[in-house]
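Heads up: the structure comes next, in structure tokens.
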Amino acid sequence: MNMLTRDDLKTLLKKHKGPCVSVLMPTHRAGPEIQQDPIRLKNMLGEAEERLLASGLRTPEVKELLDPAEKLLQDSLFWRHQSDGLAIFLSPEVFHYYRLPLDFEELVVVTDRFHIKPLLPFLSGDGRFYILALSQNEIRLLQGTRYSASEVDLEDVPESLAEALRWDDPEKRLQWHTQTGARADGKRAAIFHGHGVASADDPKDYILRYFHQVDEGLHDLLRGEEVPLVLAGVDYLLPLYKEANTYPHLVDKGIEGNPEELNAEELHEQVWAIVHPLFLAAQKEAAVQYRQLAGAGSGQASSDLKEVVPAAYHGRVETLFVAIGVQRWGTFDPNTNVVQLHSEAKPGDEDSLDFAAIQTLLNGGTVYAVKGEEVPGGSTLAAVFRY
């Protein structure tokens with residue numbers, strides 16, 4: 001799976017040389033439906049081609065614009081490693097695709113900017129998390145939502161203990177065994193043997209070195225993230241990784257057992273039971289904070305869209321509740337901070353709720369995309385300001 005970060009969101013939201021093509025579609029992880037996914041994408045690219053030609057582009061220009069996505073149609077390896085949804089963004093200067101645990105509806109949008117609203121649930125603060133599955137044989141990082149979890153492609157993280165330490169000493173031959181004696185809890189304890197290494201009495205030094213390398217590899221990958229990270233691994237590995245960890249949002253409780261025996265769906269089910277209460281508690285606390293600030297008349301909370309939109313754009317919004325399935329059409333002029341709202345969409349309009357949510361995320365705030373009745377204060381949005 002390809003990670004989607006706030007930096008990616010910033011890139012997609014920049015003004016690009018048009019036209020911008022956004023293609024979103026559901027995909028399948030396994031089963032005969034996999035064979036239908038490239039056919040579905042081919043049909044959607046055909047729809048995009050028709051729209052681009054209708055907009056006045058010449059056929060060679062359209063072919064050149066869509067060519068990176070067309071090449072995916074013949075990439076069998078690409079289709080064997082899908083998540084629940086595929087998002088593709090194309091322009092004359094941009095080509096990005098993301099395989100995400102979100103079940104998108106089929107959608108083709110051709111306009112002067114990328115259509116990213118369907119991605120917001122993946123970046124909101126009420127259901128995204130990471131799972132780090134640890135074993136001496138492999139490391140897996142999964143990115144999850146309330147719906148599912150998918151593995152993230154890792155580049156700078158050692159895949160195994162042997163790989164991490166193989167350059168320390170060319171004479172080392174690292175092996176893992178289990179000692180013959182059982183522990184008090186009935187489990188067999190792992191020990192470490194090897195030529196030219198320390199005795200089996202201090203294997204944790206090597207494991208810690210390994211975990212420090214894993215943590216360093218994850219540092220750039222998780223930079224700027226503020227979502228929970230849950231560990232999965234045999235019981236003796238979890239405290240050792242916590243000792244090496246520098247990611248500030250590591251959850252204390254983890255999943256004990258050999259993660260190699262669990263697929264993404266099984267890991268998701270167990271980890272969701274841990275993080276869901278955390279999300280609910282954070283959302284409840286944020287709602288209480290809003291009500292307190294709004295009731296005190298401090299000026300640090302507002303449900304006025306004309307006040308919240310400029311505040312979100314200028315980085316003042318710390319927390320934003322926004323109603324899903326609701327649109328408020330209008331325009332915002334950053335030079336005057338004036339918001340114009342219209343009862344129906346007019347040329348040049350955008351959804352002001354969507355705009356406020358995106359700007360809040362881009363400026364490091366937290367967004368809760370909730371049902372209308374769950375927005376505190378009874379409006380379509382509610383914001384807590386940083387200042």
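For region 46-56, the set of residues classified as farther than 13 Å from V109 by Cβ and not small (G, A, S) consists of E49, E50, L53, listed by residue number. Just one of the listed residues (L57, L52) is out of contact with any His (no Cβ under 7 Å at 6 or more places or on another chain) and in a helix (DSSP H, G or I), and it is L52.
Of the residues screened, E106 is not one that is open to solvent by 60 Å² or more (accessible area, probe 1.4 Å) and at pLDDT 95 or above. Of all residues in region 144-161, those satisfying the criterion of being within 10 Å of the chain's Cα centre (by Cα) and either closer than 21 Å to I324 by Cβ or open to solvent by 20 Å² or more (accessible area, probe 1.4 Å) (or both) are G144, T145. Restricting attention to region 75-94, the residues that are open to solvent by 70 Å² or more (accessible area, probe 1.4 Å) and either modelled with pLDDT of 90 or more or touching a Ser or Thr at 6+ places or on another chain (Cβ under 7 Å) (or both) total 2. Just so you know, in region 310-333 the residues that are aliphatic (A, V, I, L, M) and either assigned to a helix (DSSP H, G or I) or touching a Cys at 6+ places or on another chain (Cβ under 8 Å) (or both) include one that is farthest from E350 (Cα to Cα), and it is A311. The residues in region 310-333 that are in contact with a Phe, Trp or Tyr (Cβ under 9 Å, 6 or more places away or on another chain), free of Cβ contacts under 8 Å to residues at least 60 places away in the same chain and open to solvent by 50 Å² or more (accessible area, probe 1.4 Å) can be counted, and the count is 1. Restricting attention to region 36-53, the residues that are touching a residue at least 24 places away in the same chain (Cβ under 8 Å) and open to solvent by 10 Å² or more (accessible area, probe 1.4 Å) add up to 5.
For region 72-80, state whether one or more residues are closer than 12 Å to V21 by Cα and under 22 Å from the mean Cα position of the chain (by Cα).
The answer is no, given that none of the residues of region 72-80 is closer than 12 Å to V21 by Cα and under 22 Å from the mean Cα position of the chain (by Cα).
Residues of region 334-387 that are part of a helix (DSSP H, G or I), open to solvent by less than 50 Å² (accessible area, probe 1.4 Å) and without any contact (Cβ under 8 Å) to a residue 60 or more places away in the chain: S352, L353, F355, A356, Q359, T360, G372.
Look at (1) among the hydroxyl-bearing types (S, T, Y); (2) surrounded by 18 or more Cβ atoms within 10 Å (Cβ to Cβ); (3) within 21 Å of S150 (Cα to Cα) and you find that Y247 fails only one, number (2).
Restricting attention to region 290-309, the residues being part of a helix (DSSP H, G or I), open to solvent by 70 Å² or more (accessible area, probe 1.4 Å) and modelled with pLDDT of 95 or more number 4.
From the list Y247, Y236, the lone residue that is hydroxyl-bearing (S, T, Y), closer than 24 Å to T319 by Cα and outside any helix (DSSP H, G or I) is Y247. Within region 263-287, the residues that satisfy the criterion of being more than 21 Å from the chain's Cα centre (by Cα) and either surrounded by 14 or more Cβ atoms within 10 Å (Cβ to Cβ) or closer than 20 Å to P121 by Cβ (or both) are K284, A286, A287. Here E33 fulfils each of the conditions (1) under 23 Å from A149 (Cα atoms); (2) of a type outside the set (V, I, T); (3) in contact (Cβ under 8 Å) with a residue 40 or more places away in the chain apart from (3).
The values are calculated or read from the model by the stated rules, or taken from the named source; none is laboratory data. In this text the structure is predicted, and so the values were computed from the model without any measurement. Because the Cβ atoms are built from the backbone with ideal geometry, glycine has one as well, and the counts that use them run over all protein chains shown. Keep in mind that these areas ignore ligands, DNA and RNA; they rest on the heavy atoms of the full protein, side chains included. Shrake-Rupley method; radii C 1.70, N 1.55, O 1.52, S 1.80 Å.
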